[in-house]
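Since the structure comes first, as structure tokens, the remarks are kept for the end.
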Amino acid sequence: MAVKFGLIAYAEGACNVVARASQGSLRAQIWTDYTHAELLLRKPAADIDPKTGMKLNTLQRQVEDF
């Protein structure tokens with residue numbers, strides 16, 4: 001639900017909590033993996049390269065998104 005309404009921080013937190021569980025159900029693991037994949041698609045890409053500190057151009061952002 002959090003991903004559906006754009007609450008990315010809450011969805012990431014929930015995924016982290018479920019992933020840390022020692023013996024979670026298979027259903028919970030599948031939903032966590034699905035949500036994590038959906039977050040990768042919806043999360044905005046970084047505009048600044050963490051290694052160089054320089055702003056990324058359009059082509060570099062597209063490659064990072066891909």
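We did not get these values from a lab; they are worked out from the coordinates using the rules stated. Note that this is a predicted model, so its numbers are computed, not measured. FYI the Cβ positions are ideal-geometry reconstructions off the backbone, even for glycines, and counts take in every protein chain you see.
Laid out as a table, the results:
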read-out: Cα-based helix-to-principal-axis angle, 8-20 vs the chain, degrees rounded to 10; value: 50
read-out: Listed candidates [x] 1.22; [y] 1.37; [z] 1.18 - label of the one calculated as Cα Rg over 2.2 N^0.38 Å; value: [y]
read-out: Relative contact order of the chain, defined on C-alpha pairs under 8 angstrom at six or more residues apart (%); value: 25
read-out: Crossing angle, helix 26-42 versus the chain [Cα axis fit, 0-90 degrees, rounded to tens]; value: 20
read-out: Protection proxy ranking of 31-43, 14-26, 49-61 - average other beta-carbon atoms within 10 Å, highest first; value: 31-43, 14-26, 49-61
